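Engineer: Encoded as C-alpha cells, here's the structure I'll be asking about.
Bear in mind that the values in this text are calculations on the coordinates, not laboratory data. Note that the structure is predicted; figures quoted are calculated from it, not measured. So basically every Cβ, Gly included, is an ideal-geometry build from the backbone, and we count neighbours across all protein chains shown.
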Amino acid sequence: MPKDPASCGKVYKVMRRMKGTRPAWTVFAVFATMAALSACSTQPTEQRGPQAIVGWSNGGDELIVYVGTCHGDPEATVVEDDEMVTVTVESTLHDPGDACQDILRVALETRLGDRTLIDGVTGETPPGMEG
C-alpha cells in the first residue's frame, strides 16, 4: 500500500489500463484501489499538544479543569503569582474524538482567592462551571 501521497496518482493510471478486463479482475482492482487510497491519508489520527480549557471550577486549594479531549492523558503546568494563576494543559486529541471531556484536579500553592485564572493556551480567562 502506498504511504507516499505522490504515489496515489499512479493508482488511478492502473485502473484506466484495466478497462475492458474480466469482471473478477475489475472487482479485485476496485478493492485494491480503495485500500491503496486509504493509505494515502497524511492526517494523523491523534495529536498531542496544548489544549484550551473549556471550563473550570474553584475547589479552594485546587482547581477542577475541563478540557475538550477524551482519554487524552492530560497534564497541567501551573504558574502562580500574586495577581493571577496560569494553567496550561497538554493532552492528546483523538480524531475522531469521543463525546467526553477530560477533568483534571490542579493543586495550587495558595488558594485562588481574588486572583484571575488564565488559560495558558488562549491567554484568556476560561469559562467557569458550577459544580
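Engineer: Show me 64-77, 104-117 ranked by packing, highest mean number of other Cβ atoms within 10 Å first. Present the calculation step by step, with values, prior to reporting the outcome.
Structural biologist: Values: 64-77: 17.6, 104-117: 13.2.
The densest-packed peptide leads the list: 64-77, 104-117.
Engineer: Something else: How many angstrom separate the Cα center of the range 61-84 from the Cα center of the range 91-131?
Structural biologist: 5
Engineer: Pick out, from Gly120, Leu93, Val106, the residue whose Cα sits farthest towards the positive end of the charge dipole of the range 86-129, with +1 on the Cβ of Lys and Arg and -1 on the Cβ of Asp and Glu.
Structural biologist: Val106
Engineer: For the range 46-119, build the charge dipole from Cβ charges (+1 Lys, Arg; -1 Asp, Glu) around the Cα centre, then report which of Val79, Gln51, Val67 sits farthest towards its positive end.
Structural biologist: Comparing the listed Cα positions along the dipole, Val67 ranks first.
Engineer: Let me ask something additional. Can you tell me the dipole magnitude for the range 46-119 around its Cα centre, using point charges on the Cβ only (Lys, Arg +1; Asp, Glu -1), in Debye to the nearest 20?
Structural biologist: Values: 4 positive and 16 negative charges, 37 e Å.
Approximately 180 debye in magnitude.
Engineer: Also, quick follow-up: Just need the relative contact order of the range 46-119 here, percent rounded to a whole number, with Cα pairs under 8 Å and 6+ apart.
Structural biologist: Values: 171 pairs, mean separation 29.6, N = 74.
Relative contact order of the range 46-119: 40 percent.
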